[in-house]
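Trainee: Below you'll find the structure I mean.
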Amino acid sequence: MKREKISILPSLYDWGGAMNDSMRWYVQYSVKDPRTGKMVRKKVYSGLNTIKNKNARYKEADAIIEKYTELLKTGWNPFENDSKNIYTDLLQYKFAAKVYADKKSGNTTINYFINSYMKDRMSGLDDNTISTYTSKYRVFQQWVLREDLADKDITAFTNDVICNFFNYLIVERKSSYITYKKYKQLLHGCFEFVVDQGKLLFNPVQRLPKCTTVNSKEPKPISDVDSVRFMKVIKQNEQMYLYILFEYYCLMRPNEIRMMRVGWIDFERGYVIIPASVAKSRVAKTPIIPEVFMELIRNEFRLHLENKDFYVIGKTGKPGIEHIGKNTMRTRFNVIRKSLNMPKGYMLYSWKHTANVRLSDMDMPGIDRMRQNGHTSLLTTEKYTRNKAGFKSATMRKEYPVL
């Protein structure tokens, strides 16, 4: 017997992430009008477009989606409050909604499996990683909705369907290879979960179309000459100087530096002890503080005299009880970059890439670079460095035969 559809659960329409005032974001859902028997689409704006921070706007959208999902699953219908035409057989409608919700919860739709996988996979991950995963699964779910696949059984997601999605990433979204690779990783993991559940015989995320688009927005290592120019200005801002020193010398990631407390620093042995709860890999790591940097920490910044519970990069410009905002230091760095007329490829995260390239050039052992970065394998470190450093040859550069 054909299942009667009484609603389509909410999803976000975000214009591909655009934040223009003319492109207003909204949450959309569809529900059957009990007076006509037809599905009607509803849009909820609910202050979304007054939020200027993209991550905060996505978070608010998730809250709206959750709210309306629960309402629809429990039988709520917006037409009940229509004063001109009140649905008389409300009990019957709510009974149908409950049956539908029960069936929906047991459905083998892609939405069901993505939600199940995310609950299983994201336990314990940091907020930034969760936000990245969520945004990419949201894009996939929007595409699924557009292609009228949202209510299809999971077995409808064949290799051809998955290839169509990745073609969409290449052609319509013009995704870079790095972004494309992340989608591949996340969807492969999700469908592997489906296979483990016994709902598919094999993972359809394979034999995908190739993506060769280069990401022009990836942070570039800073040249030696430009590094000197940057440092002359950056040293005038003690907090930014300290932030960049931790990134450069300890190869720490932005969120690790932002959340770092004075108590993480072992001033006697010369380590930063980064707990698993903050490290991206969810594995505790202990980068070495090189002697030249430890001397600055003690004599110039005098961090060993600060309260151990204080955040090193405090909100007031010095160690304190509150850490800085997620984008604060990046915004400040961009202002300096603009004032020096530097390339946009130089970003705050470039200092970590700069250090890795320099360490590689001086033949620092791979195992040492791996541990300082907090990578889980030498292969990861070598790929990471190769992508940043490119092909190196002093002979090619200085002794090439003149034409």
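The values are calculated or read from the model by the stated rules, or taken from the named source; none is laboratory data. From a predicted model like this one, the values you see are computed outputs, not experimental measurements. Here the Cβ positions follow ideal geometry from the backbone for every residue, glycine too, while neighbour counts run over all protein chains shown. Each accessible area value is taken on the protein alone, full model and side chains, heavy atoms only, with ligands, DNA and RNA left out. Shrake-Rupley method; radii C 1.70, N 1.55, O 1.52, S 1.80 Å.
Trainee: Quick check, is R258 part of a helix (DSSP H, G or I), surrounded by fewer than 16 Cβ atoms within 10 Å (Cβ to Cβ) and either among the basic types (K, R) or in contact with a Phe, Trp or Tyr (Cβ under 7 Å, 6 or more places away or on another chain) (or both)? Don't jump to the end; show me each part of the working.
Mentor: On the way: part of a helix (DSSP H, G or I): yes; surrounded by fewer than 16 Cβ atoms within 10 Å (Cβ to Cβ): no; either among the basic types (K, R) or in contact with a Phe, Trp or Tyr (Cβ under 7 Å, 6 or more places away or on another chain) (or both): yes.
Against the criterion (part of a helix (DSSP H, G or I), surrounded by fewer than 16 Cβ atoms within 10 Å (Cβ to Cβ) and either among the basic types (K, R) or in contact with a Phe, Trp or Tyr (Cβ under 7 Å, 6 or more places away or on another chain) (or both)), R258 does not qualify.
Trainee: I've got another one for you. Given the condition open to solvent by 80 Å² or more (accessible area, probe 1.4 Å), closer than 30 Å to K52 by Cα, part of a loop (DSSP other than H, G, I, E, B) and touching a strand residue (DSSP E or B) at 6+ places or on another chain (Cβ under 8 Å), answer yes or no: does some residue in the range 336-354 qualify?
Mentor: Within the range 336-354 (the criterion being open to solvent by 80 Å² or more (accessible area, probe 1.4 Å), closer than 30 Å to K52 by Cα, part of a loop (DSSP other than H, G, I, E, B) and touching a strand residue (DSSP E or B) at 6+ places or on another chain (Cβ under 8 Å)), the answer is no, since none of the residues qualifies.
Trainee: Going through the range 321-332 one residue at a time, which ones are over 21 Å from the mean Cα position of the chain (by Cα) and under 20 Å from Q236 (Cα atoms)?
Mentor: R332, the sole residue that qualifies.
Trainee: Show the residue pairs meeting these rules: Cβ distance below 6 Å; 6+ apart or different chains; first residue within the range 230-258 and closer than 17 Å to R358 by Cβ; second residue among the β-branched types (V, I, T).
Mentor: Filtered contacts from the range 230-258: F246/I257; C250/V272.
Trainee: In the range 164-203, which residues are assigned to a loop (DSSP other than H, G, I, E, B), open to solvent by 70 Å² or more (accessible area, probe 1.4 Å) and within 26 Å of P219 (Cα to Cα)?
Mentor: Selection gives E172, R173, K174.
Trainee: So, of the residues in the range 338-368 that are of a type in the set (D, E, K, R) and farther than 25 Å from M240 by Cβ, which turns out to be farthest from the chain's Cα centre (by Cα)?
Mentor: D363
Trainee: Given the structure, is V283 at pLDDT below 95 and surrounded by fewer than 20 Cβ atoms within 10 Å (Cβ to Cβ)?
Mentor: yes
Trainee: Another question, if that's okay. Which members of the range 20-43 meet the condition of being buried (at least 16 other Cβ atoms within 10 Å of the Cβ), assigned to a strand (DSSP E or B) and among the hydrophobic types (A, V, I, L, M, F, W, C)?
Mentor: Residues satisfying the conditions are V27, V31.
Trainee: Would you pick out the residues in the range 376-395 that are outside any helix (DSSP H, G or I) and either farther than 24 Å from P290 by Cα or at pLDDT 85 or above (or both)?
Mentor: G390, F391, K392, S393
Trainee: Assess whether R282 counts as being assigned to a helix (DSSP H, G or I) and touching a residue at least 40 places away in the same chain (Cβ under 8 Å).
Mentor: Details: assigned to a helix (DSSP H, G or I): no; touching a residue at least 40 places away in the same chain (Cβ under 8 Å): yes.
Considered against the rule, which asks whether it is assigned to a helix (DSSP H, G or I) and touching a residue at least 40 places away in the same chain (Cβ under 8 Å), R282 comes out as no.
Trainee: Got at least one residue in the range 153-167 being closer than 29 Å to E256 by Cβ and of a type in the set (A, V, I, L, M)?
Mentor: No: the range 153-167 contains no residue that is closer than 29 Å to E256 by Cβ and of a type in the set (A, V, I, L, M).
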